[in-house]
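Notes to accompany the following structure.
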Amino acid sequence: MCGIVGYIGKRQAYPIIIKGLKRLEYRGYDSAGVAILNGETRIFKCKGKVSDLEELTKKEDMTGFIGIGHTRWATHGEPNDVNAHPHASMNGHFVIIHNGIIENYSRLKQRLEDRGYIFKSETDTEVLANLIEYIYMKGNVSAEIAVRLALTKVIGAYGIIVICKDEKEQLIAARKGSPLVIGIGDGEYFFASDATPIVEYTHSVIYMNDNNVAVIKNNDLSLKTIHNDTLTPEVHTLDLDIGEIEKGGFDHFMLKEIFEQSRSILDTMRGRVVSDNPEITLGGLYHVMPRLIEAKRIIIIGCGTSWHAGLVGEYLFEEFARIPVEVEYASEFRYRNPVIFKDDVVIAISQSGETADTLAAIKLAKEAGALVLGICNVVGSSIPRETHAGVYTHAGPEIGVASTKAFTAQVTVLAMIAMHLGDKRGTLTKEEYTALIKHLTEIPNKVDKILSKNEEYKEIAALYKNSNNFLYLGRGYYFPVALEGALKLKEISYIHAEGYPAAEMKHGPIALIDEKMPVVVIAVKDNTYDKIVSNIQEVKARKGIVIAIVNEGDTVIKSMADHIMEIPNSDFALAPLLAVIPLQLLSYYIAVMRGCNVDQPRNLAKSVTVE
Ligand code: M6R
């Protein structure tokens, strides 16, 4: 969480930094700040968004060729002007921006206070700034050495960029746990939490690894470990287009990303699903496939929407490949001393590839000797680099904080792996495998068909935008879809919403139902269809309002429900890819009608890099 940007080169730094912060605002948006080095280091920061920062600096002289900027998601100290980054050290030698958490900050702070340091903010970052300065002054060492030594004393996670006022043609950056990318231009360098602020200037990037320190001095880059071992930078070429990170005529990134789903599902299958053979090939899993085929158990880990995709994966793997699956919140898995066998396969799912709990769970699984695979969207992020092998979801950048196209791309990857395993393990017949591949390749067109009914969802949203509570019900494959629908609604519209397995309704939630309660039922035809029809009757008997997702041509539920949202017929195991789309749009329109900030909902951030 938090977005950081840095620039050193021949252009004016400020416009690059402001633009970069806007691109990173999805990572946190409760305060923003910038520091420009031009003889002296000038800091401007305020509570609020990057646009508030722009307002603050409107009449200021912002010229300078070196600068750093920060957009914050508060961890230590409330969002206000003082706690906003950048933070200067007490004697003004250093200015720093930081993404992450210094876990031992209170002990370090106490020691610095004992030595006369006075703190202005409540942040852990100011502690780091003062620690660097203390070492710098006391040890009479260079800024680079002071940064490296300070970092050896720090427990926690950081992506930092540091300016030292005494060493002017220089920027120092370091990473542990929080992402940091360096863009290499012609006589200029860019730093950012991800590549989106960099791509319009250069496609050559270095992904910093944990415990790396990069120093740009007199237009030269050096990369070391915090223990002063010299490293050879590995330069990668970005496969990202500037158009992919802009709104492209949509009112919000979320809407754009919902509408991109036929394309993103297709891109996720591209080159992997061959329908005329028919066959599924997953290059990223080629070397580990024998172990995967023999797996006695699969454990899927993730958080939020990625965890919901994992639940769909559980049904897919067990049904197609007959491998037992457990799905765990990464945050629970890592702290509960889980039993992990050497022949387990752990699959970590993450859009960002940076989620702190998922990363920590991966490390635990690796230490226990399991094969750890990743399903990630952001190329070059930490999770693909920490896992033994994996499959990228080619959904393209997802900027809206609410995850949409990442979910459908994750489910697409899980379906491809499960089907491939089913074929190789002989748990699917050739006919079944061929039919499933055909169904999967038909999904993108069916997604477009659902999206074309956009206006219908808007009308339903208008009717229920003022509801205080929603219940989402589904069975089997559609239970995770119900959870996902509820999460989408609550995170962007702030309406309380709960997802439940439909059969569990009578064990408690039914008490909530009255004439004001919209109940969204995912009632797609599968082996439990008759049961879900009964559940709808139970809701109607208590005067609840039923909004049902049904297959095209379903007349039974149409006659009972208050509203229906039709989706095309498909294999029921793949229908989560379709059923979730009306739910995403319903949430989106309700949030817009309630005047909520859809792309940047309160208290949230896109990439949760704190534990
Ligand atoms: O980047 P990840 O997929 O690891 O992120 C996991 C969750 O933080 C994320 O899905 C979150 O729940 C979204 N806001 C849901 O829309």
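Coordinate-derived values only; no laboratory data. Just so we're clear, the structure is a prediction, and the values are computed from it rather than from any experiment. All Cβ positions, glycine included, derive from the backbone under ideal geometry; neighbour counts span all protein chains shown.
Summary of values
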read-out: Computed helical MRE - 222 nm, the chain, DSSP H runs ≥ 4 contributing -39500 (n - 2.57), nearest 500; value: -11000 deg cm²/dmol
read-out: Charged-residue dipole, Cβ positions (Lys, Arg, Asp, Glu), the chain about Cα centre, Debye nearest 20; value: 740 debye
read-out: Taking only Cα atoms of the stretch 284-340, radius of gyration then Dmax in Å; value: 12.1, 32
read-out: Distance from the stretch 220-247 to the stretch 343-413 (C-alpha centre basis), Å; value: 20 Å
read-out: 16 Å Cα-Cα reach of LYS540 towards aspartates and glutamates, excluding residues that sit fewer than 8 places from it in its own chain; value: ASP514, GLU515, ASP530, ASP562
read-out: The chain: relative contact order as a whole-number percent, Cα under 8 Å and 6+ apart; value: 12 percent
read-out: Estimated FRET transfer efficiency when R0 is 35 angstrom, pair THR429-TYR286 (beta carbons, to 0.05); value: 0.90
read-out: Mean Cβ count within 10 Å, highest first, over the residues of peptides 555-564, 411-420, 323-332, 341-350; value: 411-420, 341-350, 323-332, 555-564
read-out: Interchain or long-range residues, amide H under 5 Å from VAL546's placed H; value: VAL519, ASP562, HIS563
read-out: Pairwise centroid distance, computed over Cα atoms, of the stretch 97-112 with the stretch 421-437, Å; value: 54 Å
read-out: The stretch 375-458: C-alpha gyration tensor shape, a/c 1.5 cut-off, then a/b vs b/c; value: oblate
read-out: Scattering profile of the stretch 328-420 at q = 0.16 Å⁻¹ [log10 I(q)/I(0), Debye over alpha-carbon scatterers]; value: -0.63
read-out: Reduced Cα scattering model of the stretch 247-450, Debye log10 I(q)/I(0), q = 0.13 Å⁻¹; value: -0.67
read-out: Qualifying lysines (Cα of each under 24 Å from Cα of LYS366; at least 8 residues distant if same chain); value: LYS176, LYS296, LYS342
read-out: Greater than 26 Å apart at Cα, pairs in LYS47/LYS224; LYS458/LYS558; LYS49/LYS449; LYS247/LYS458; LYS168/LYS247; LYS120/LYS153; value: LYS47/LYS224; LYS49/LYS449; LYS168/LYS247
read-out: Volume per residue that the Cα convex hull of the stretch 472-528 spans, once the total is divided by residue count, Å³; value: 78 Å³
read-out: Protection proxy ranking of 538-544, 244-250, 114-120, 396-402 - average other beta-carbon atoms within 10 Å, highest first; value: 396-402, 538-544, 244-250, 114-120
read-out: Kirkwood hydrodynamic radius over Cα pairs of the chain, then Stokes diffusion coefficient at 20 °C and 1.002 mPa s, in µm²/s; value: 84 µm²/s
read-out: Amide H contacts under 5 Å for ILE300, placed H, 5+ residues apart; value: GLU326, VAL327, GLU328, ILE347
read-out: Nitroxide proxy distance, nm - points 7 Å out along Cα→Cβ at ASN228 and ASP251; value: 5.9 nm
read-out: Per-pair calculated FRET efficiency, R0 = 30 Å: LYS296 and ARG336 via Cβ, rounded to 0.05; value: 0.90
read-out: Estimated vicinal HN-Hα couplings, Hz - the stretch 312-323 in sequence order (Karplus 6.51, -1.76, 1.60; Gly, Pro = x); value: 4, x, 4, 4, 5, 5, 5, 6, 7, 10, 6, 10
read-out: Bins of 5 Å, starting at 0 and running to the largest distance - Cα pair percent for the stretch 178-228; value: 5, 20, 31, 25, 14, 4, 1
read-out: Pair GLU326, LYS516: separation of 7 Å Cα→Cβ label points (nm); value: 4.2 nm
read-out: Normalised alpha carbon radius of gyration of the stretch 158-304 [divisor 2.2 N^0.38 Å]; value: 1.39
read-out: Pairwise centroid distance, computed over Cα atoms, of the stretch 580-611 with the stretch 170-195, Å; value: 29 Å
read-out: Value of Rg to Rh for the stretch 496-611 (Rh from inverse mean 1/r over Cα pairs, i.e. Kirkwood); value: 1.01
read-out: FRET efficiency, LYS558 to VAL274 (Cβ-Cβ, R0 30 Å, nearest 0.05); value: 0.20
read-out: Nearby aspartates and glutamates by direct alpha-carbon distance to LYS109 (threshold 12 angstrom, same-chain neighbours under 8 apart not counted); value: GLU122, ASP124, GLU126
read-out: Among 49-56, 4-11, the order from most to least packed when residues are scored by Cβ within 10 Å on average; value: 4-11, 49-56
read-out: From phi via Karplus (6.51, -1.76, 1.60), per-residue ³J(HN,Hα) for the stretch 396-409 in Hz, x at Gly/Pro; value: x, x, 10, 9, x, 4, 6, 7, 10, 5, 5, 4, 5, 5
read-out: ³J(HN,Hα), Karplus 6.51/-1.76/1.60, whole Hz, each residue of the stretch 202-207, x for Gly, Pro; value: 7, 9, 8, 9, 10, 8
